[in-house]
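Just below is one structure, and these are the notes that go with it.
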Amino acid sequence: MSGTHAPQPRAPRTDEQPATGPAHPPRPAPDHPGERAAADPIRLLAVRETPLSVDEVFAAVRDGAAGGTALFVGTVRSHDGGADVDGLGYSAHPSVEAELRRVAERVVADFPVRALAAVHRVGDLTIGDLAVVVAVSCPHRAEAFAACRRLIDDLKHEVPIWKHQTFSDGSEEWVGA
């Protein structure tokens with residue numbers, strides 16, 4: 001067709017450039033309560049023997065001032081370290097809930113968290129079961145991703161939960177937090 005032109009590729013979007021229209025200088029951060037952490041953002045912390053619910057955790061972190069919510073779901077996989085896993089069990093130290101709260105409070109202190117939730121399973125689990133669900137809502141997506149990553153990483157490294165794996169060859173392994 002004469003007179004038609006193929007659309008030109010768009011420049012990648014950045015936080016300083018809107019998706020449409022001309023480039024604008026970045027707006028100064030408004031001094032709005034929604035841009036700051038909530039007064040009591042820790043909404044749900046639990047360690048339980050019953051199956052976990054992604055919907056429960058997601059509902060716990062819903063917040064009208066949050067522009068980003070990041071959620072991580074850890075599941076029991078069928079292999080580890082090159083070996084087939086038949087199943088596993090999680091056990092926890094009596095201080096587990098206090099340590100989980102300490103980790104959550106540190107995340108809340110370091111990021112503008114609007115809402116935070118973390119639930120970990122203990123007991124015997126099978127392949128595909130949910131082992132841990134964590135979520136964080138913040139004013140913006142980058143903060144939500146970073147806070148959620150910190151939450152799951154610190155939970156895995158510092159909260160006293162141990163994993164006992166059984167393998168298809170009959171061997172077993174304990175993995176510490």
Next on the checklist: For a quick check of your reading: which strands (runs of 3 or more DSSP E) sit entirely within segment 123-171 and have at least 1 residues that are of a type outside the set (Asp, Glu) and at positive phi?
Outcome noted: 123-125
Checklist outcome for this item: All conditions in (1) over 23 Å from Trp174 (Cβ atoms); (2) polar (S, T, N, Q); (3) open to solvent by 60 Å² or more (accessible area, probe 1.4 Å) are true of Thr75 except (1)
Next on the checklist: Every residue in segment 97-120 that is aromatic (Phe, Trp, Tyr) and either assigned to a helix (DSSP H, G or I) or without any contact (Cβ under 8 Å) to a residue 24 or more places away in the chain (or both), please.
Outcome noted: none
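Per-residue answers, yes or no, for (1) among the polar types (S, T, N, Q); (2) surrounded by 13 or more Cβ atoms within 10 Å (Cβ to Cβ); (3) at pLDDT below 95:
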| site | (1), (2), (3) |
| --- | --- |
| Arg62 | no, yes, no |
| Ala65 | no, yes, yes |
| Gly68 | no, yes, no |
| Leu71 | no, yes, no |
| Asp84 | no, no, no |
| Ala115 | no, yes, no |
| Ala118 | no, yes, no |
Next on the checklist: Of everything in segment 86-98, what is under 18 Å from Leu155 (Cα atoms) and open to solvent by less than 50 Å² (accessible area, probe 1.4 Å)? Give them in sequence order.
Outcome noted: Gly89, Tyr90, Ser91, Ala92, Ser95, Val96
Checklist entry - If you check Asp55 against the conditions, is it modelled with pLDDT of 95 or more and loosely packed, with under 13 Cβ neighbours inside 10 Å? => result yes
Item to check | Out of Thr50, Thr69, sole residue that is assigned to a loop (DSSP other than H, G, I, E, B) and at negative phi | outcome: Thr50
Next on the checklist: Regarding segment 125-145, can at least one residue be identified that is farther than 15 Å from Val47 by Cβ and over 21 Å from the mean Cα position of the chain (by Cα)?
Outcome noted: yes
Checklist entry - Ala109: small (Gly, Ala, Ser) and surrounded by 14 or more Cβ atoms within 10 Å (Cβ to Cβ), yes or no? => result no
Checklist entry - Does segment 38-46 contain any residue that is open to solvent by less than 30 Å² (accessible area, probe 1.4 Å) and modelled with pLDDT under 95? => result yes
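The values are calculated or read from the model by the stated rules, or taken from the named source; none is laboratory data. Computed from a predicted model, the values in this text were never measured in an experiment. Glycine gets a Cβ as well: all are built from the backbone with ideal geometry, and neighbour counts include every protein chain shown. Each accessible area value is taken on the protein alone, full model and side chains, heavy atoms only, with ligands, DNA and RNA left out. Shrake-Rupley method; radii C 1.70, N 1.55, O 1.52, S 1.80 Å.
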